[in-house]
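Only one structure is covered here, and it is reproduced in the block below.
The values are calculated or read from the model by the stated rules, or taken from the named source; none is laboratory data. In this text, all values refer to a predicted model and were calculated from it rather than measured experimentally. Using ideal geometry, Cβ is built from the backbone for each residue, glycine included, and neighbour counts are taken over all protein chains shown.
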């Protein structure tokens, strides 16, 4: 049975119970579309191997699952509780003893983090869930009620064990109903009533002519499913110029005079073909600084942001926040040459969102989505908490410190790489919430984001993970990025496009599509990418290497160390001859199968 079928079956069973037995049965539903899981029909927490069905509030932010839940894994159904160390007082009471008595006679599994009791098989799922609700849920409810009364806890956060808030449940339930309708019809425009259907959301083709030293760039048919396009080139090849031209076209900003050739019949010209939510194609043309562009107040697409190489948070005042969010402010970062144009301050914007009742209500609805999104994109981040201090909203970031411990830090105490990512994602939040105020879940944002030199300031692992994580938390946003490094390409999702940027003999910028990279990317390693036409490195061996026969070509550093150990063990004088090395490599390959 497919995982989506299990989610649908569970939803139907619980919905049936609510209609036929108890309308006040509340359960935990997937809160956001991170990773596109809701698009694919995953309505409950979990992944491709597990479904979590919980009837209680309380989320383990380290293990990313409900603290108390019924779990479906393979053909087994079991009740599981996560021994979350932040709720150790809960486990040190008589809860464990009462649960063990409740499930006495059931098969028990235990490890350091979880305890679970087998309660049935997936083939009898309706009977298993109905029995659990009838025979076990009330007893666990009573344990939780006594626990809350003992500690005098009234206001629950999503982390705290307790009953599910009925109002939040109804809101999430309505959201799932819309996704179910979408999943069955497979028509994305029917998913949301409140998004402007006619406004373009993604780019399919674009033509750029006579923009500075760009004579003509013509990129066609990226496709309705394209979400990432990578522009690769050496320093000075014209990558930034391409990104700026595209930014000006999409944002409908006026062209700076330095990019306009004064020669007759060579005015800049842009032609865009875009998709709206119905996947209908919409064309847009622009001849230099046309009348329409001069008086346009919004970008061509429903959501837009563009970033240059300086990506650091700016402690902007509320006074200039609005100017940074207007049409011109959208491209200041990517158009900056020598001047540093910092990003919008996430902290200041949080305070702005809390300056009146309407904004406070919006922030309260956005808050959990913001937290879960930030946790997804920063690997060491396990929690984010907001609190009011001196008429502003302060943010504490909880960083993993060991296996179970967390360390609360302020923004300026975080590592520079973490700050860089937080600033970028925070700026996207602010701009897209401004352009799409009806959206609460950032994974439902639509639009286009441009990032120049996405690899800048990041460790190779961070370069790969940033692309992968951005594509998960913003599955409906289309990214155009430039890079010098092959590592970001390793995080590229399916349907990505890759382009080589270079200058021809006349000094004009040329862009060519790297079709072979699109076709074989999932089979390539960085060494093959580096020596491909896209990057053009003629050799990846160390410059000091004079003996090409000594180059080891295994997959990992661990394989290399194992290879050295095998050489030493054999104690042969001629350990470097080709036949011996071939035998060792064959042995190592067999071991790794």
message = Please determine whether any residue of segment 331-345 is over 25 Å from residue 475 (Cα atoms), at pLDDT 75 or above, assigned to a helix (DSSP H, G or I) and under 31 Å from the mean Cα position of the chain (by Cα).
response = yes
request  = Kindly establish whether residue 507 is assigned to a loop (DSSP other than H, G, I, E, B), at pLDDT below 90 and either more than 21 Å from residue 224 (Cβ to Cβ) or touching a helix residue (DSSP H, G or I) at 6+ places or on another chain (Cβ under 7 Å) (or both).
outcome  = no
remark   = Checked pairs for segment 152-178, first outside any loop (DSSP other than H, G, I, E, B), second at pLDDT 95 or above, C-beta under 6 Å and 6 or more apart or across chains, list as 169/26; 172/29; 176/29; 176/43
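Residue by residue, here is whether (1) modelled with pLDDT under 85; (2) touching a strand residue (DSSP E or B) at 6+ places or on another chain (Cβ under 6 Å); (3) surrounded by 10 or more Cβ atoms within 10 Å (Cβ to Cβ); (4) part of a helix (DSSP H, G or I) holds:
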{"site": "522", "(1), (2), (3), (4)": "no, no, no, yes"}
{"site": "528", "(1), (2), (3), (4)": "no, no, yes, yes"}
{"site": "538", "(1), (2), (3), (4)": "yes, no, no, no"}
{"site": "545", "(1), (2), (3), (4)": "yes, no, yes, no"}
{"site": "561", "(1), (2), (3), (4)": "yes, no, yes, yes"}
Condition check for residue 466: assigned by TED's automatic domain parsing to the domain that holds residue 228, within 12 Å of the chain's Cα centre (by Cα) and either buried (at least 22 other Cβ atoms within 10 Å of the Cβ) or touching a residue at least 40 places away in the same chain (Cβ under 8 Å) (or both) = yes
inquiry  = For segment 26-55, give me the residue count where each residue is closer than 17 Å to residue 78 by Cβ and without any contact (Cβ under 8 Å) to a residue 60 or more places away in the chain.
reply    = 9
query = Just one of the numbered conditions (1) part of a loop (DSSP other than H, G, I, E, B); (2) closer than 30 Å to residue 372 by Cα is not true of residue 133; which one?
reply = (1)
ask   = Regarding residue 484, is this residue surrounded by fewer than 19 Cβ atoms within 10 Å (Cβ to Cβ) and on the phi > 0 side of the Ramachandran plot?
value = no
key: Among (1) crowded, with 21+ Cβ neighbours inside 10 Å; (2) outside any strand (DSSP E or B), the one test that residue 457 misses   = (1)
key: Where residue 416 falls short, out of the listed (1) in contact with a strand residue (DSSP E or B) (Cβ under 6 Å, 6 or more places away or on another chain); (2) surrounded by fewer than 19 Cβ atoms within 10 Å (Cβ to Cβ)   = (1)
request  = Could you tell me whether residue 279 is at positive phi, assigned by TED's automatic domain parsing to the domain that holds residue 227 and either at pLDDT 90 or above or in contact with a helix residue (DSSP H, G or I) (Cβ under 8 Å, 6 or more places away or on another chain) (or both)?
outcome  = yes
message = Can you pull out every residue in segment 8-47 that is within 18 Å of the chain's Cα centre (by Cα), closer than 22 Å to residue 382 by Cα and part of a loop (DSSP other than H, G, I, E, B)?
response = 30, 31, 32, 33, 37, 45, 47
request  = Could you tell me which residue of segment 377-390 is nearest to the chain's Cα centre (by Cα), considering only residues that are in contact (Cβ under 8 Å) with a residue 40 or more places away in the chain and buried (at least 19 other Cβ atoms within 10 Å of the Cβ)?
outcome  = 377
message = For the list (1) out of contact with any helix residue (DSSP H, G or I) (no Cβ under 7 Å at 6 or more places or on another chain); (2) at pLDDT 85 or above, I need the number of the one condition that residue 301 fails.
response = (1)
ask   = Using beta carbons and a limit of 6 Å, which pairs, at least six apart or on different chains, have the first residue in segment 316-335 and farther than 17 Å from residue 423 by Cβ and the second one at pLDDT below 80 and surrounded by 13 or more Cβ atoms within 10 Å (Cβ to Cβ)?
value = 318/352
remark   = Picked from segment 82-105 (must be at pLDDT below 85 and outside any helix (DSSP H, G or I)), the residue nearest to residue 398 (Cα to Cα) is 84
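Going by the structure shown, is residue 99 over 30 Å from residue 405 (Cα atoms), buried (at least 18 other Cβ atoms within 10 Å of the Cβ) and in the same structural domain as residue 174 (by TED's automatic domain parsing)?
no
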query = Going through segment 280-307 one residue at a time, which ones are in contact with a strand residue (DSSP E or B) (Cβ under 9 Å, 6 or more places away or on another chain), closer than 18 Å to residue 448 by Cα and not in a strand (DSSP E or B)?
reply = 298, 299, 300, 301, 302, 303
note = Picked from segment 255-275 (must be surrounded by 15 or more Cβ atoms within 10 Å (Cβ to Cβ) and touching a helix residue (DSSP H, G or I) at 6+ places or on another chain (Cβ under 8 Å)), the residue nearest to residue 206 (Cα to Cα) is 272
